[in-house]
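Notes for the one structure printed next.
Where a number appears in this text, it was derived from the coordinates with a stated rule and is not lab data. Every value quoted in this text rests on a predicted model; they were computed, and no experiment measured them. Cβ coordinates were reconstructed from backbone atoms using ideal geometry, including for glycine residues, and neighbour counts include every protein chain displayed.
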């Protein structure tokens, strides 16, 4: 029996790179990113600290009685009504609420509260969550630094 | 006189590969991989908002699942949907307390649809407060209210 070395065929043309497999991988990557991409808008947060009520350590109200902002629902459509208890005229506009809070906060001539005075947003359960957040935002934008949210009792 | 090519013409795929690479670069830059902790919903979007970006502290994300007429269909936490009844709130409280026991600096991120009634969202705050007390936290529990970032 005669064994012969395998005959190696030499390509006569120029050397070319086969990129078909690379294109396959690239298309797979494209598919992955198209499926996994989340185009939902970015999120930010309002921060607040919840004190422990059960242990009788209501640190939030030890020093001062909080400034209370009530958010009520009016009418069938549950339109929001914002009221600063004891200070402001009820309003349906969050911008008006912010203006009222700004007059009460800070170093201005009409200032009645320091900006670290606690503010309590008391929300009626029927009020839409967006209006509760808007009231919270108004207090923060007015300059108050200790703002918290709670359910309005008796509604 | 026009010279005809003898062989069949092959379309060049170089521009195609270029475009595909550009698409990949685009998706790499803009993509944020889907976060299963965050249920898709319309968050409140106060404008302009005095919010802060999420910090890197540990977070327990509680999603108030939208139900009918502004009511909550449940509270989703760590992939588990807890009911809105007393039993559901108790189980959510236990889950949050376990989270606080592992890391007492954990912040509770509350995500709720803008059309949800406040009465369906605010119980989460009470649950978080009770969970913190149950876990023996000596400091107030940090709560973060999620809103849509301004564009």
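Just a few scattered comments:
- Counted by neighbouring Cβ atoms within 10 Å, the residues A:91, A:145 run from fewest to most as A:145, A:91.
- When each of the peptides A:21-33, A:128-140, B:95-107 is scored by how many other beta carbons lie within 10 Å of its residues on average, the order from highest to lowest is A:128-140, B:95-107, A:21-33.
- In this calculation the C-beta distance from residue B:150 to residue A:16 is compared with R0 = 41 Å, giving a FRET efficiency of 0.20.
- Under the criterion of Cα pairs below 8 Å and six or more residues apart, the relative contact order for region B:59-145 equals 34 percent.
- Where only C-alpha atoms are counted, convex hull volume of region A:60-151 per residue in Å³: 82 Å³
- Note on residue B:103 and residue A:74: the model spin-label points, each 7 Å out from Cα along the C-beta direction, lie 4.5 nm apart.
- The relative contact order of region A:60-151, computed from alpha carbon pairs under 8 Å that lie at least 6 residues apart in sequence, is 32 percent.
- Computing FRET efficiency as 1/(1 + (r/R0)^6) for residue B:115 and residue A:91, where r is the C-beta to C-beta distance and R0 is 22 Å, gives about 0.50.
- Sorted on the mean count of surrounding Cβ atoms within 10 Å across their residues, most packed first, peptides A:99-105, B:23-29, B:128-134 read B:128-134, A:99-105, B:23-29.
- Inter-chain shielding of B:68-75 (mean C-beta neighbours from other protein chains, 10 Å cut-off): 1
- Point-to-point label distance, residue A:25-residue A:47, nm (Cα→Cβ direction, 7 Å offset): 4.3 nm
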